[in-house]
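Asker: Pasting in a structure now, in structure tokens, and then I'll have a few things to ask.
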Amino acid sequence: MIEIGRRGRIIAWACAIPFLAVIFLFEVMPLAAVLTNSVFKEGVPSVLNYAEILGSRFYLGAFRVSFSISLLTALIALVVAFPIAIILRRMPGRVQDIILVFSNIGTNFTGYPLAFAFVILMGVSGSITLLLIEAGLVKDFNIYSTAGLVFVYSYFQILLGILLIFPALGAITPDIEEAAKLMGASRWLFWRRIGLPILAPSLAGALLLLFANAMGTYATAEALVGSGANLVTIRIGELTAGDVFSDPNLADTMATLLVIILIIPIVAAQFLLKPKDSNA
Amino acid sequence: MSYVEIRNLSKRFGDTPVFESIDLDVEKGSICVLVGPSGCGKTTLLRAVAGLAAPDQGTITIDGKDVTRLEAKQRGIGMVFQHYALFPNMSVEQNLAFGLEQMKLPATIIAKKVSRMVDLMGLGPRAKARPATLSGGQKQRVALARALVLEPKLLLLDEPLSALDAQIRKRLRDELKKLQHEMGFTAIFVTHDQEEALLLGDRIGVMQSGRFAQVGGPSEIYGHPATMAVAKFIGDFNILDPVTIEQVFNRKCCLNWAVHPQAIEIFRPIPKPKLSEGIYQADVQITGVHVLGCVLRYMVQAKGVALKIDALNRPNMTPMKKGDAARISLSAADICELQN
Ligand SMILES: Nc1ncnc2c1ncn2[C@@H]1O[C@H](COP(=O)(O)OP(=O)(O)OP(=O)(O)O)[C@@H](O)[C@H]1O
Ligand SMILES: [Mg+2]
């Protein structure tokens, strides 16, 4: 902490108050409300909401599908984005900037516009689908399916992966690589013994964020497959605003479970990745 | 034939040449220091010798073997970088062992070599520490140990001390000199610091825009700088152009002079100076006197030309004062005539 005088401290707190207020109003309050609602059923405190979800193959299925798609696309993104980020590091600064800006726009260009773009290109009669069928590479490709979701998710996940991994690569300076090279290490050995261990915490962190990003995705999935996809976010949306199945308390229960699913790996990672100092 | 021979070496990036047709010899068991202004190609030369950058032309021979086309790891070269370049995920010992492991040595021999080097460098208490927990001086000691434990044919050091503060820097410099005496390794050492260069270098190469302005022993470089660039690097010379020389000493010549401040004698004016061959004298006005420990630095004006003169600061001596008139004398043998 920087040493500041009493006056400075007061000013610092005064400046922080609006920010803390926003956090309180838009993060702590809603979360508390969601938590509270989840333990009420028809106005009385109960755990029936949890019992209903944990006892329902349908709702558990939503968790399973969301979890699988998120884990899968997070892994795909990591595996694809990692080498891209490494190659990008070796490019001239201008190319780096262009690709990073493009990735940045891409990761935020989700929801209806993204779904629409994919439908035009890869829908049942999308141009790329037809090309692939023409070329005999696929028989048919249905983007309105779980496989289709994985495909579309992977797109923005990879771009986010690049954005997350690229800065972390700064930890591997060229002279570390050259030092290893002069000592006889091959490129592969360098990555195995030095590069990956250095990056491991960042990669784990990136995987986690990618997973959370996919778990929380709603608009893109909703636009592409509507309520047909059994995803946690889509079920929550339906229970909150749907006209047939509306049950806000149940929605809040699912939301609470979603938060728990996201919190567990984050806490676990903090715990596992705490630097092990072998310094006696 | 020298131990390390660089012949006719050239390197360009695109259209801009970094250095052209460079020759350099390094004797076995000696330190060759490279100095020169920023961007003159010192790092590029080291990288070419190490095999990290391919030269466009020329040959590099180490211990009688042409290594110009060899891969970096086959050249037997150790390198120490300005910013340490330690492996952050490994302890001090593991950093040292890494290169030995690549040589596929038995574990017991690796352990023995590592522990001997750890002791030699005084790293014992920190042997199990990660680099992030070490001080700058310790880090550079680890980097040096990591290179030396492999017993490289040639050690390259690119400004290894410039990231350290003055005190640690001096200590490590002296340690390095001592270590070199004990182990007898051969090294090329890049620095910007003239004191470091004069102290460490058995030979010093002063680079100037991609070529060597002068290569020689420290006393040669210090005593007889060949060009303006070399004199500027050594610093602290009185540099006089032909016009000034004529003005002050009434001599005609066509080259610049570099004169050490301690090569000029200063004394109280005498009525009838006897002039002899090869001795140049002039009347001056003292404009300042500084006590620099064992040295007295006089700032003087001779016919409007500022000169600095160092005299030994003897105890019990009454120094001349600011404003005094004085006479200076300079022997022709102490003048360095600068080419170009
Ligand atoms: N990879 C590169 N691509 C293009 N130009 C380069 C490259 N590396 C170095 N240069 C240029 O080559 C010249 C010499 O650089 P070098 O790093 O060898 O200088 P240096 O003498 O080590 O300088 P310093 O004292 O600042 O370290 C510089 O003009 C530099 O801009
Ligand atoms: Mg350099």
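The values are calculated or read from the model by the stated rules, or taken from the named source; none is laboratory data. None of the values given here were measured: they were computed from a predicted structure. Glycine gets a Cβ as well: all are built from the backbone with ideal geometry, and neighbour counts include every protein chain shown. With ligands, DNA and RNA removed, areas are computed over all heavy atoms of the protein, side chains included. Shrake-Rupley method; radii C 1.70, N 1.55, O 1.52, S 1.80 Å.
Asker: Mind checking the angle between helix B:92-102 and chain B's longest principal axis? C-alpha axes, 0 to 90 degrees, to the nearest 10.
Answerer: Rounded to the nearest ten degrees, it is 70.
Asker: Sorted from largest to smallest, which semi-axis lengths in Å does the alpha carbon gyration tensor of chain B give for its equivalent ellipsoid, taking the root of 5 times each eigenvalue?
Answerer: Computed over chain B, the values are 47, 25, 15 Å.
Asker: Please give the helix B:166-183 orientation as an angle from the longest Cα principal axis of chain B, in degrees from 0 to 90, rounded to the nearest 10.
Answerer: The answer is roughly 70 degrees.
Asker: Another question about this same structure. Working out 0.36 nm times the residue gap between B:Lys252 and B:Asp56, then minus their Cα-Cα distance, what length gain in nm do you get to one decimal?
Answerer: 66.0 nm
Asker: Which distance in Å, rounded to a whole number, links the C-alpha centroids of the stretch B:1-61 and the stretch A:236-253?
Answerer: Computed from Cα coordinates, the inter-centre distance equals 73 Å.
Asker: Same structure, new question: What's the average, rounded to a whole number, of partner chain beta-carbon atoms within 10 Å of each residue's beta-carbon in B:71-81?
Answerer: 3
Asker: Then there is this: I want to check the label-to-label distance for A:Asp97 and A:Phe116. Put each point 7 Å from Cα in the C-beta direction and report it in nm to one decimal.
Answerer: If labels sit at A:Asp97 and A:Phe116, their model points lie 3.1 nm apart.
Asker: Could you tell me what % of all Cα pairs in the stretch B:195-340 have separations over 28 Å? Numbers along the way, then the final one.
Answerer: Values: 2572 of 10585 pairs.
Value for the stretch B:195-340 (Cα pairs over 28 Å): 24 percent.
Asker: If you plug each phi of the stretch A:178-190 into the Karplus form 6.51 cos²θ - 1.76 cosθ + 1.60 with θ = phi - 60°, what whole-Hz ³J(HN,Hα) values come out, in order, with x for Gly and Pro?
Answerer: 5, 4, 5, 4, 5, 8, x, 7, 6, 4, 4, 5, 4
Asker: Volume per residue, Å³, of the convex hull around the alpha-carbon atoms of the protein assembly as shown?
Answerer: Details: hull volume 177.3 nm³, N = 620.
Measuring per residue, one finds 286 Å³ for the Cα hull of the protein assembly as shown.
Asker: Same structure again: From zero outward in steps of 10 Å, how is the percent of C-alpha pairs of the stretch A:57-272 spread across the bins?
Answerer: Binned Cα distances yield the sequence 8, 27, 30, 21, 11, 2, 0.
Asker: Amide H to amide H under 5 Å from B:Met207: which residues, 5+ apart in sequence or cross-chain, H placed 1.01 Å off N in plane?
Answerer: The list, which skips near neighbours in sequence, is B:Val35, B:Gly36, B:Ala213.
Asker: Sorted by mean Cβ packing within 10 Å, highest first, what order do the peptides B:79-89, B:276-286, B:51-61 take?
Answerer: Details: B:79-89: 21.9, B:276-286: 15.3, B:51-61: 17.2.
Highest-to-lowest ranking by the protection proxy: B:79-89, B:51-61, B:276-286.
Asker: Express the accessible area of chain A per residue in Å², computed with a 1.4 Å probe while the remaining protein chains stay in the model.
Answerer: On the way: 16150 Å² over 280 residues.
Accessible area per residue, chain A: 58 Å².
Asker: Filter the chymotrypsin sites (Phe, Trp or Tyr not before Pro) in the stretch A:187-276 down to the DSSP loop ones having no more than 14 other Cβ atoms within 10 Å, then list what survives.
Answerer: Here the sparse-neighbourhood loop sites are A:Phe245.
Asker: Determine the share of chain B's accessible area contributed by carbon and sulfur atoms, expressed in whole percent, with a 1.4 angstrom probe.
Answerer: 52 percent
Asker: Taking the Cα centre of the stretch A:57-272 as the origin and placing charges on Cβ (Lys, Arg +1; Asp, Glu -1), which of A:Leu196, A:Leu131, A:Ala180 is farthest toward the positive end of the dipole?
Answerer: Value computed over the given set: A:Ala180.
Asker: What value, in deg cm²/dmol to 500, does the helix sum -39500 (n - 2.57) over DSSP H runs of n ≥ 4 give at 222 nm once divided by the residues of the protein assembly as shown?
Answerer: Values: 23 runs with 294 residues, N = 620.
Helix contribution divided over all residues of the protein assembly as shown: -15000 deg cm²/dmol.
Asker: Another one. Ballpark to the nearest 100 Å², how much total accessible area do A and B bury together, probe 1.4 Å?
Answerer: On the way: alone 17220 and 17130 Å², together 32290 Å².
The summed interface area works out to 2100 Å².
Asker: So, by mean Cβ neighbours within 10 angstrom, what's the order for B:25-33, A:98-106, B:90-98, A:110-118 with the highest one leading?
Answerer: Peptide ranking by packing, descending: B:90-98, B:25-33, A:110-118, A:98-106.
Asker: Then there is this: Which of A:Ile176, A:Ile260, A:Ile128 moves the most in a Gaussian network model of chain A with Cα springs under 10 Å?
Answerer: Its mean-square fluctuation being the largest, the pick is A:Ile176.
Asker: Mind checking the stretch B:242-340 for trypsin sites (Lys or Arg not before Pro) that DSSP puts in a loop (not H, G, I, E or B) and that have at most 16 other Cβ atoms within 10 Å?
Answerer: Taking the stretch B:242-340 and a limit of 16 other Cβ atoms within 10 Å, the loop trypsin sites (Lys or Arg not before Pro) found are B:Arg251, B:Lys252, B:Lys274, B:Lys303, B:Lys321, B:Lys322.
Asker: What's the center-to-center distance, using Cα atoms, between the stretch A:54-86 and the stretch B:160-179 in Å?
Answerer: 53 Å
Asker: In the stretch A:12-113, which GluC sites (Glu not before Pro) are in a loop and have at most 14 other Cβ atoms within 10 Å, using DSSP for the loop call? Kindly include the intermediate steps, with their values, before the conclusion.
Answerer: Details: sites: A:Glu27, A:Glu42, A:Glu52; in loops: A:Glu42.
In loop regions of the stretch A:12-113 (DSSP not H, G, I, E or B), the sparsely surrounded GluC sites (Glu not before Pro) are A:Glu42.
Asker: Find how many whole Å separate the alpha carbon centroid of the stretch B:194-231 from the alpha carbon centroid of the stretch B:237-275.
Answerer: Taking the Cα centre of each part, the stretch B:237-275 and the stretch B:194-231 sit 24 Å apart.
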